[in-house]
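Remarks on the structure that follows.
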Amino acid sequence: MAVIEATGLGKSYGGKAAVIDLAFRVEPGSVTGFLGPNGSGKSTTMRLMLGLDNGDGRTTFDGVPFRSMKDPMRHVGALLEAKAFHPTRKARNHLRLLAAANGIPDTRVDEVLAMVGLHSVTSAKPKGFSLGMGQRLGIAAALLGDPHALILDEPANGLDPQGITWLRNLLKQLAGEGRSVFVSSHLLSEMALLADQIVIIGRGRLIASGAMSDFITSNARTAVIVRSPDMALLGPALAARGADAQHSDEGAYDVTGIEQSVVGDLAHEVGARLHELSTRRATLEEAFLDATGMSEEFIGGVQQRAPTGQGSPGDYGQQGEHR
Amino acid sequence: MTAALRYEWRRLWSIRSTYWLIGITFGLQLAGTLLAAMGTSAVENVFDAAETVSQIITLGAATGLSPLFTAYIIAMFGVFCFGHEYRYGMIRATLTAVPDRRAVFAAKALITALLAAVMSVGCSLIGMFSSLLFLDTRGALSSDTVWYVVLGAALFTVLFGLCGMAFAALVRNQTGALAMVLLVPLVAENIIALILRIVSQDGGDAVELAKVLPFDAGAQMYASSFADELNRFLGYDPLGAVGGGLVFTAFTALLVAGAFALFLTRDA
């Protein structure tokens, strides 16, 4: 099973850095989500990992760079863009083409087409494929060599809800078999269900990496909710433990820097009554937005338009500020 | 390298354009040579058999007065081998299947050259078949004159196909490369030659430079004795089959080397 290790990845376009000294590790048996705002360098990073773009740094799969591999699709499966196929080459022939270069038998082509649900269109020309079908064909190509590692760039794009569920189960199953799965997505709610580990980048730099649960728990929006008529007793005790209690709008307190169970013990010690004691966990989206707050490459803006209907079309559309 | 060859071979035979290009090339060659042979048969006792066969199999290109028509179609194989990669975003899929870029490039060049050679010889054989149907040219088929033209046309077509491949790899745009395959030999070289002649009208020798215009020089590889006589009559002294072939080979080598260097260093 392949450990993916990226070190010192860097890439510039016309003097502008797109990826800067990026390093991370993807462990076997896990799905690692690769997150970042638009233009943060995710796709560039994946291309660098596979040696498709020339840049700095090195990525190895169990110590071997992709370009040095014999029959690389047997080790690393990749999906980099939807609809990367000739429009009149039949789906089956597209995969047979890739298989031929990697010593993969044609029987495997039929297996993966069935696996991704395209068994009924094996002889169809992909020019009529929807985006979702194109993605499925790309996923089939990635799975063709039964690889130890998968690198997938936005594989859920264009998939319908059933397709997304199918993809989630498939990737979890593949990770469960001990493979390393590295997948980027804009769908944070989907990533929250799928990934065990995360790598977050912004403006080409690493912002966070590690276990998804740790990332969310460490976010400032994760807090213990305390509602008590005896805050005069409990407040100083919390402060003495280094916790920070902020009064919220609904008469409760958001306490950070302390576990829920410790708050309960403290309340018992000082004799404070508790009407509510619970933990509010940040969502991945909240944690992501906090972590990448100043790392967006492209920021949209919408001006308020007067509801009288007298505004001109130009009142909208101040989008696309480029920082 | 074998992986890249397997990939390229299967790539070639899994798209429709391969089949229709072969069909068009051989179909038009058959129709053209049949018409040419039929037309020649109507003229009594005026032909040198070897010269006539040479003109029929090249559809008149051996006179030096018209381009080698089939080479332009066959060169499209060269254009498509890289053009399709960039037009349909296949290049990244190709390089994840075969990450060794040297091997990918070499396999494309090798298969383009092989296909161009086989197709060109096939076209010559079609021309011989047509001439046999209408003319008493059986004896000419064993003459060196004819086989030099067959060999020269095949070499020219191979080099032309490699130029098409190099154009596509350089500009990474199929339409642009197709335009270059047509415009560089048919338009650009003629304009340059015309300018050189005008400049030389007052006694200069700039017109000598026209001899090394690569596609024109390469055409000397399949020029017949009729072309030599015509050139002498016009006072033009081209480089000849060997010299012209070397010029065209050097030009192709430079073009392919540039495309290779860029293919290795550019982002996919």
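The values are calculated or read from the model by the stated rules, or taken from the named source; none is laboratory data. Quick caveat, the model's predicted, so the values are computed rather than measured. All Cβ positions, even for glycine, are placed from backbone atoms using ideal geometry, and neighbour counts span all protein chains on display.
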Please specify each residue of the stretch A:4-39 satisfying the condition of being under 16 Å from A:Gly55 (Cβ atoms) and of a type in the set (Gly, Ala, Ser). A:Ala6, A:Gly8, A:Gly10, A:Ser12, A:Gly14, A:Gly15, A:Ala17, A:Ala18, A:Ala23
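Enumerate the helices (runs of 4 or more DSSP H) found wholly within the stretch B:1-114, keeping only those where 3 or more residues are within 16 Å of A:Leu97 (Cβ to Cβ) and of a type in the set (A, V, I, L, M, F, W, C).
By residue number, B:2-13, B:69-87, B:91-97.
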Any hit, the stretch B:97-105, residues being more than 14 Å from every other protein chain (Cβ to nearest Cβ), under 30 Å from B:Ala169 (Cα atoms) and not basic (Lys, Arg): yes
Cross-chain or 6+ apart pairs with Cβ under 6 Å, the stretch A:72-91 first and at the interface with chain B (Cβ under 7 Å from one of its Cβ atoms) and at pLDDT 90 or above, then surrounded by fewer than 24 Cβ atoms within 10 Å (Cβ to Cβ) and in a strand (DSSP E or B): A:Leu80/A:Asp153
Let me confirm something: among A:Thr256, A:Thr283, which residue is surrounded by 13 or more Cβ atoms within 10 Å (Cβ to Cβ), in contact (Cβ under 8 Å) with a residue 60 or more places away in the chain and not acidic (Asp, Glu)? A:Thr283
Regarding the stretch A:21-31, can at least one residue be identified that is part of a strand (DSSP E or B), at pLDDT below 95 and either under 15 Å from B:Ala268 (Cβ atoms) or of a type in the set (Ser, Thr, Tyr) (or both)? yes
Looking only at the stretch A:92-108, count every residue that is without any contact (Cβ under 8 Å) to a residue 12 or more places away in the chain and at the interface with chain B (Cβ under 8 Å from one of its Cβ atoms) and tell me the total. 3
Hey, could you check the stretch A:59-69 for residues that are more than 8 Å from chain B (Cβ to nearest Cβ) and not hydroxyl-bearing (Ser, Thr, Tyr) and say which is surrounded by the fewest Cβ atoms within 10 Å (Cβ to Cβ)? A:Gly63
Which residues, counting only those in the stretch B:244-263, are surrounded by fewer than 19 Cβ atoms within 10 Å (Cβ to Cβ) and within 14 Å of chain A (Cβ to nearest Cβ)? B:Ala261, B:Leu262
Checking A:Glu154 against (1) away from chain B (no Cβ under 12 Å); (2) over 23 Å from the mean Cα position of the chain (by Cα); (3) closer than 20 Å to A:Val26 by Cβ, only one condition comes out false. Which one? (2)
Screening B:Ala113, B:Ala103 for residues that are small (Gly, Ala, Ser) and under 23 Å from A:Leu48 (Cα atoms) leaves only B:Ala103
When you scan the stretch A:22-43, do you find a residue that is within 14 Å of chain B (Cβ to nearest Cβ) and closer than 27 Å to B:Leu5 by Cβ, even just one? no
Residues (within 13 Å of another protein chain (Cβ to nearest Cβ) and either among the charged types (D, E, K, R) or assigned to a helix (DSSP H, G or I) (or both)) located in the stretch A:46-57: A:Met46, A:Arg47, A:Leu48, A:Met49, A:Asp53
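Here's the yes/no breakdown for (1) modelled with pLDDT under 80; (2) closer than 23 Å to A:Ile200 by Cβ; (3) within 36 Å of the chain's Cα centre (by Cα); (4) surrounded by 14 or more Cβ atoms within 10 Å (Cβ to Cβ):
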{"residue": "A:Glu269", "(1), (2), (3), (4)": "no, no, no, no"}
{"residue": "A:Ala272", "(1), (2), (3), (4)": "no, no, no, yes"}
{"residue": "A:Glu276", "(1), (2), (3), (4)": "no, no, yes, no"}
{"residue": "A:Glu296", "(1), (2), (3), (4)": "yes, yes, yes, yes"}
{"residue": "A:Val302", "(1), (2), (3), (4)": "yes, no, yes, no"}
{"residue": "A:Ser312", "(1), (2), (3), (4)": "yes, no, no, no"}
Kindly establish whether A:Gly178 is at pLDDT 90 or above and at positive phi. yes
Cβ pairs under 6 Å, 6+ apart, first in the stretch B:62-74 and touching a residue at least 24 places away in the same chain (Cβ under 8 Å) and surrounded by fewer than 19 Cβ atoms within 10 Å (Cβ to Cβ), second aliphatic (A, V, I, L, M) and in a loop (DSSP other than H, G, I, E, B): B:Phe69/B:Leu59
Would you be able to say whether some residue in the stretch B:18-36 is within 13 Å of another protein chain (Cβ to nearest Cβ), surrounded by fewer than 21 Cβ atoms within 10 Å (Cβ to Cβ) and touching a residue at least 40 places away in the same chain (Cβ under 8 Å)? yes
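Among the residues of the stretch B:122-152, write down those that are assigned to a helix (DSSP H, G or I) and hydroxyl-bearing (Ser, Thr, Tyr).
Listed by number, the residues that qualify are B:Ser124, B:Ser130, B:Ser131, B:Ser142, B:Thr145, B:Tyr148.
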Matching residues, the stretch B:218-268, being under 20 Å from the mean Cα position of the chain (by Cα) and not in a helix (DSSP H, G or I): B:Ala223, B:Ser224, B:Pro238, B:Leu239
Subset of the stretch A:197-242 that is over 30 Å from A:Ala17 (Cβ atoms) and crowded, with 21+ Cβ neighbours inside 10 Å - its residue that is modelled with the lowest pLDDT: A:Ala223
Of the residues in the stretch B:138-181, those that are surrounded by fewer than 16 Cβ atoms within 10 Å (Cβ to Cβ) and either under 29 Å from B:Glu208 (Cα atoms) or among the aromatic types (Phe, Trp, Tyr) (or both) number 2
Among B:Arg232, B:Arg266, the single one that is within 14 Å of another protein chain (Cβ to nearest Cβ) and either of a type outside the set (A, V, I, L, M, F, W, C) or more than 30 Å from B:Asp48 (Cα to Cα) (or both) is B:Arg266
I'd like to know if the stretch A:109-125 contains one or more residues that are within 10 Å of another protein chain (Cβ to nearest Cβ), of a type in the set (Ser, Thr, Tyr) and farther than 18 Å from A:Leu194 by Cβ. no
Are there any pairs with C-beta distances below 9 angstrom linking a residue in the stretch B:84-95 that is facing chain A (nearest Cβ under 7 Å) to a residue that is surrounded by fewer than 19 Cβ atoms within 10 Å (Cβ to Cβ) and among the small types (Gly, Ala, Ser), with the two at least 6 apart or on different chains, and if so which? B:His84/B:Ser17
